[in-house]
Amino acid sequence: MTTYYSEEHEWLTVEGDVATIGITQHAADQLGDIVFIELKDEGDDFSQGDDIGVIESVKAASEVYAPVDGEVVEANETLADNPGSLNDQPEGDAWIYKVKLSNPSQLEELMDLAAYKDFIG
Amino acid sequence: MTDAVRKTPLYDLHLELGAKMVDFAGWSMPIQYAGIMAEHAQCREKAALFDVSHMGQVTLHGTNPAAALETLVPAALQTLPEGKARYTQFTNDAGGILDDLIVSNAGDHLFVVVNASMRDQDLPLMAALDGVELTEITDHALIALQGPKAQSILAPLCPVAADLKFMETTTATLLDTPVRISRLGYTGEDGYEISIPEDKAVEITRTLLAHDDCAPAGLGARDSLRLEAGLCLYGNDINADTSPVEAGLTWSIQKSRRTGGGFPGAARIQSEITDGPARKLVGIKPEGRAPARQGVEIQSTSGDPLGQITSGGFGPTVGGPVAMGYVASPHSTPGTAVNLIIRGKAQPATIVALPFVPQNYKR
C-alpha cells in the first residue's frame with residue numbers, strides 16, 4: 001500500500017489496481033469550511049485532468065481534478081450529508097473516491113509525502 | 001493597480017491573531033481568523049469585531065452640506081436630525097446606483113462613510129458640490145462591533161453606547177479617546193461602528209477583544225452575515241444599471257424626495273415607484289444543498305430566462321444555501337418556484353422574502 005500526492009493537493013492510496021482518492025489536509029485548510037460536494041457516479045470513466053467533482057466552501061467553489069485515468073468504483077456517500085467531515089478528516093474517513101486505475105504508470109508522475117511537503121512549503 | 005496594497009492601523013494585530021489576509025479594493029484585509037462558520041455564529045450569538053478601516057470616512061462642512069448632498073442622492077438629508085444616520089445611494093442620470101453610503105448628521109457637519117472600492121469615484125463627486133468642504137479622514141480606523149452582546153461589551157467602557165438606538169450616532173470618549181460611535185452595521189445584528197484615532201485603534205480593539213463574548217471576524221463572515229440579512233453588496237446586487245427601486249431600497253427614499261425629485265435619475269426612479277420596476281431583487285432559497293453563486297441564471301420552471309443570481313452562497317445560520325438575484329417582476333412573488341442553472345443542471349429553488357434571518361436591531 002503506497003500513498004501518492006498530486007500538485008492539485010489530492011492523495012491516492014493504492015492497493016492493487018484500486019486507488020482511494022481524497023484531498024489533503026492542506027487543501028482542506030485552504031478551502032475553509034466545506035459545505036457541499038458534488039461527485040461522479042459509480043462506473044463513470046475519467047481521464048487525468050478531468051473535472052471529477054466540485055467542493056464548495058462558504059467562500060467559493062473548487063473543482064476536483066482527476067490525478068490519474070480511471071473508473072469510479074465507489075464514491076463516498078457520507079460526504080453529501082456531512083461535507084464538513086472533509087475539513088476534519090480529509091485524509092481519513094472523508095476519502096472521496098475509490099477508483100480502478102486504467103493507467104497505473106501515471107502514478108510515477110505523482111509525489112511521495114516528502115516531495116509533497118516540499119511542494120506545499 | 002500600480003499603488004502598493006494599503007494596510008489599516010490594525011494590520012499587525014490581524015497577523016498576530018492568525019488572520020488569513022487577502023487583497024480587497026487595494027487593501028490587505030483579513031478574510032478569516034478561526035473560520036467563516038465560527039465567526040458567523042459568533043456574530044449571531046455573541047459579538048464579532050470587524051476591521052472596516054478600508055471604508056472611506058469623510059466629513060462635509062459648509063453652509064448647508066445636507067442640501068448640497070441631496071443633489072447626488074435620493075434620501076432626505078435636510079430633515080435628518082442631529083445624531084441620526086441614514087442609508088442612501090449615489091445615483092446616476094439613468095437612475096442606476098453609483099455606490100451606497102451612510103450619511104450622519106454630526107451637528108455642524110455631515111459624516112459620510114462610503115465603500116472602499118468606490119472611494120476614488122465618490123470623493124470627487126462630493127468635493128465638487130458647491131459650498132461644500134470635503135475632508136477625508138485618513139487618520140482614523142473604523143471598527144464594527146456586531147452582535148447581540150455588542151452593547152454589554154461596549155457600554156461598560158462607554159456608557160452612552162447603551163442610550164443609542166439603531167441609526168443613531170454620537171461622539172463619545174472610549175478609553176480616554178475621542179471616538180464617534182454609530183449604532184448600525186452590515187450584519188443584520190445589533191451593534192456599533194466606531195471611528196477611532198489610528199494611534200489608539202489597537203489598544204481599543206484589544207480591549208474589546210479581551211471580553212469573553214467578543215472575537216474577531218473577517219470579510220468572509222461579513223459577506224455571509226449581510227447576505228442572510230438581505231443587505232445589498234455594491235458591485236454584486238446593486239450597480240450603475242440597477243435602480244434603488246429594483247433593488248428594494250425604496251424605503252430609503254423619503255416621501256419628500258419621491259415627490260420632489262432633484263437627484264440624478266429622478267425621472268426613472270419616480271416612475272418605477274409609481275408604476276413598479278420591470279425587475280426586482282428577491283431572496284432565493286435553493287431547495288438542494290448546492291450553493292448558487294453570483295452569475296447563476298434564474299429560469300422559470302418552463303425554462304424561460306428570468307434573471308441572474310447577484311449574491312449567493314451558504315448561509316451558516318440558515319444551515320443551507322441562500323441567494324439574492326433579479327427576476328422579472330411577474331415572477332418576484334414569494335413562493336414562486338424557479339430553476340437555477342448550476343453547472344449546466346437545473347436546480348429547483350423558491351423566491352422568498354428577505355431577509356433570510358430576522359434583523360435584530362435596537363429600535
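Computed from the coordinates by the stated procedures, all read-outs in this text should not be read as laboratory data. For clarity, every value in this text was computed on a predicted model and none was experimentally measured. FYI the Cβ positions are ideal-geometry reconstructions off the backbone, even for glycines, and counts take in every protein chain you see.
Distance between the C-alpha centres of segment B:144-190 and segment B:238-269: 30 Å, rounded to the whole angstrom. The value of relative contact order for segment B:278-352, using C-alpha pairs under 8 Å at least six residues apart, is 40 percent. Spin-label model, A:Glu15/A:Asp29: points 7 Å from Cα along the beta carbon direction are separated by 2.8 nm. In segment B:1-63, one over the average inverse separation of all distinct C-alpha pairs is 13.5 Å, which is the Kirkwood hydrodynamic radius.
Per-residue extension of 0.36 nm, minus the Cα-Cα distance of B:Asp130 and B:Arg258, leaves a gain of 43.8 nm for this segment. Averaged across orientations, what area in nm² does the convex hull of the alpha carbons in segment B:278-352 project? The orientation-averaged projected area of the Cα hull of segment B:278-352 comes to 4.2 nm². Ordering B:Cys214, B:Cys158, B:Cys232 from the fewest to the most neighbouring beta carbons within 10 Å gives B:Cys158, B:Cys214, B:Cys232. In the elastic network of chain B, a GNM with C-alpha springs shorter than 10 Å, the most mobile of B:Leu125, B:Leu134, B:Leu145 is B:Leu125.
Each residue, A:Ser102 and A:Glu71, gets one label point 7 Å from its Cα in the Cβ direction; the gap between the two is 0.8 nm. Note on B:Thr177 and B:Asp120: the model spin-label points, each 7 Å out from Cα along the C-beta direction, lie 3.0 nm apart.
For the residue pairs B:Lys7/B:Lys165; A:Lys59/B:Lys165; B:Lys84/B:Lys200; B:Lys20/B:Lys46; A:Lys117/B:Lys20, alpha carbon separations beyond 28 Å are given by B:Lys7/B:Lys165; A:Lys59/B:Lys165. Note on the protein assembly as shown: percent of Cα-Cα distances in each 10 Å bin, starting at 0 and stopping at the bin with the largest distance, equals 4, 18, 25, 24, 16, 8, 4, 1, 0. Using a 10 angstrom cutoff on alpha carbons, build the Gaussian network for chain B and name the most mobile of B:Lys46, B:Lys255, B:Lys200. Checking each option, the largest mean-square fluctuation is seen for B:Lys255.
Normalised by residue number, the volume inside the convex hull of the Cα atoms of chain B is 137 Å³ per residue.
Suppose R0 equals 51 Å. What FRET efficiency, 1/(1 + (r/R0)^6) with r the Cβ-Cβ distance, do A:Asp50 and B:Trp251 give to the nearest 0.05? E between A:Asp50 and B:Trp251, to the nearest 0.05, is 0.55. Grab the beta carbon distance between A:Phe119 and B:Thr350, set R0 = 30 Å, and tell me the FRET efficiency rounded to 0.05. In this case the efficiency is close to 0.10. Where the centroid of each part is defined by its Cα atoms, how far is segment B:92-112 from segment A:1-46 in Å? Cα centres, segment B:92-112 to segment A:1-46: 50 Å.
Assuming charge only on the beta carbon of Lys and Arg (+1) and of Asp and Glu (-1), the dipole of segment B:82-180 about its Cα centre is about 520 debye to the nearest 20. Largest GNM mean-square fluctuation among A:Ala19, A:Ala60, A:Ala94, using chain A with Cα springs under 10 Å: A:Ala60. Applying 1/(1 + (r/R0)^6) with R0 = 25 Å to the Cβ-Cβ distance of A:Glu8 and A:Asp81 gives a FRET efficiency near 0.50. One Cα centroid belongs to segment B:1-43, the other to segment B:293-330; the line between them spans 28 Å.
Potential lengthening of the chain between B:Thr274 and B:Asp139 amounts to 44.2 nm, from the contour at 0.36 nm per residue minus the alpha-carbon distance. Dividing the mean sequence gap of close Cα pairs (under 8 Å, 6+ apart) by how many residues chain A holds gives a relative contact order of 31 percent. Taking the charge dipole of the protein assembly as shown about its Cα centre, with +1 at Lys and Arg Cβ atoms and -1 at Asp and Glu Cβ atoms, the residue from B:Ala240, B:Gly265, B:Val202 reaching farthest to the positive side is B:Gly265. Backbone amide hydrogens, once placed in the peptide plane, bring B:Ile342 within less than 5 Å of B:Gln347, excluding anything fewer than 5 places away on its chain. Partner aspartates and glutamates whose Cα lies under 17 Å from the Cα of A:Lys40, excluding those fewer than 8 positions away in the same chain, are identified as A:Glu10, A:Asp50, A:Asp51, A:Glu56, A:Glu63, A:Asp69, A:Glu71, A:Glu74, A:Glu77, A:Asp81.
Annotation: amide H of B:Gly315 within the under-5 Å range of B:Gly320, B:Val322, sequence separation 5 or more or interchain, hydrogens built in the peptide plane. Along the positive direction of the dipole of segment A:2-120 (beta-carbon charges: Lys, Arg +1; Asp, Glu -1; about the Cα centre), which of A:Gln30, A:Tyr97, A:Gly70 reaches farthest? Among A:Gln30, A:Tyr97, A:Gly70, the one farthest towards the positive end of the dipole of segment A:2-120 is A:Gln30.
Relative contact order, whole percent, for chain B stands at 18, derived from Cα pairs under 8 Å and 6 or more residues apart.
All other residues whose Cβ lies under 9 angstrom from that of A:Ala27 are scored, Lys and Arg at +1 and Asp and Glu at -1, for a net of -3.
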